[in-house]
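Engineer: Next up is a structure, given as structure tokens.
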């Protein structure tokens, strides 16, 4: 692996920062859609017990995606909340949808994540805020 | 020391695959391929052997440890060093990854501006 000349490295670093900023903007722009998608799955879960496993899988999948990516874009708390919802959905799937405790944990996790969406969407776009951001903390993907 | 020329990154999250490709692309001489699953990684590695595999741990179907086991079971892939990229960095988890045969661990979330340096350090450690 060759070391590029210093000027070239600086240019590449600048290009990378710009590309990461664009990715971060795209991520933030998707947050509203992600929230709506989760809300739809959660509403479907409440409305139709027959399709509960499918709704739970949708919730788990959407939460997993957020959990894995949010901290990379500086939304660590959103990622942590998504991780909690992901685990709660998995737990509810494992225990069965009639398990009251699992459902309660799911409801608490969902409410927590919904609150974090508010906070994340209210925050000004922050460019390529990845690690080292005040909001960043270790995740548990 | 053998030069690192090619990396295969495996992660089910498209955003992170893109970040890794961009971050490692800071080294213009490095060939970077990305895959969305363990199964796709095995296929890609069979087609062209990478020098190093960076592997997400939590993926649907074939997760990171299962993918590593498949690499180790395939004679042509068995010696490819595999580094886990994960937030599972508790001491017990790191110990487990080492026991599975991982060559190292990169913590998530990582700093894209420093990822290339981290990979270089790991490569030197593997071949040092």
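No value in this document is a laboratory result; all are computed from the given coordinates. A quick note: this is a predicted structure, and the numbers were derived from the prediction, not measured. Virtual Cβ from ideal backbone geometry, glycine too; neighbours counted across all protein chains shown.
Engineer: When Cβ neighbours within 10 Å are restricted to other protein chains, what is their mean count per residue of peptide B:20-26?
Structural biologist: Values: counts 1, 1, 9, 4, 2, 4, 7.
That works out to 4 on average.
Engineer: Checking the a/c ratio against 1.5 first, then a/b against b/c, what shape does the Cα gyration tensor give for the protein assembly as shown?
Structural biologist: Working: a/c = 2.33, a/b = 1.45, b/c = 1.61.
Since a/c reaches 1.5 but b/c is at least a/b, the shape of the protein assembly as shown is classed as oblate.
Engineer: Just to verify a number: FRET efficiency for residue A:108 and residue A:47, C-beta to C-beta distance, R0 = 25 Å, to 0.05? Write down the numbers at each step before the final one.
Structural biologist: On the way: r = 20 Å, r/R0 = 0.78.
About 0.80, to the nearest 0.05.
Engineer: Another question about this same structure. Would you compute, from DSSP H runs of 4+ residues alone, the mean residue ellipticity of the protein assembly as shown at 222 nm, taking -39500 (n - 2.57) per run and dividing by the full residue count, rounded to the nearest 500? The partial results should precede the final answer.
Structural biologist: Details: 9 runs with 160 residues, N = 269.
Here the helix-only value at 222 nm equals -20000 deg cm²/dmol.
Engineer: Separate question: Could you tell me whether the range A:6-122 comes out rounded, prolate or oblate from its Cα gyration tensor? Rule is a ≥ b ≥ c as square roots of the eigenvalues, rounded for a/c under 1.5, then prolate if a/b exceeds b/c, otherwise oblate.
Structural biologist: On the way: a/c = 2.97, a/b = 2.75, b/c = 1.08.
Prolate shape, in that a/c is at least 1.5 and a/b is the bigger ratio.
Engineer: Which one, B:89, B:67, B:34, has the greatest fluctuation when you compute a Gaussian network model over chain B with C-alpha springs under 10 angstrom?
Structural biologist: Of B:89, B:67, B:34, the Gaussian network model singles out B:89 as fluctuating most.
Engineer: Could you work out the mean count of beta carbons from other protein chains within 10 Å of each residue's beta carbon in B:105-116?
Structural biologist: Working: counts 0, 0, 3, 10, 18, 4, 5, 9, 8, 3, 3, 5.
Average neighbour count from other chains, rounded to a whole number: 6.
Engineer: Let me ask something else about it. What shape does chain B take by its C-alpha gyration tensor, where a ≥ b ≥ c are the square roots of the eigenvalues and a/c under 1.5 counts as rounded, a/b above b/c as prolate, and the rest as oblate?
Structural biologist: Numbers: a/c = 1.18, a/b = 1.10, b/c = 1.07.
Rounded is the answer for chain B, as its axis ratio a/c remains below 1.5.
Engineer: Please arrange B:16, B:106 by counting, for each residue, the other beta carbons lying within 10 Å of its beta carbon, fewest first.
Structural biologist: Working: B:16 23, B:106 18.
With the fewest neighbours first, B:16, B:106 line up as B:106, B:16.
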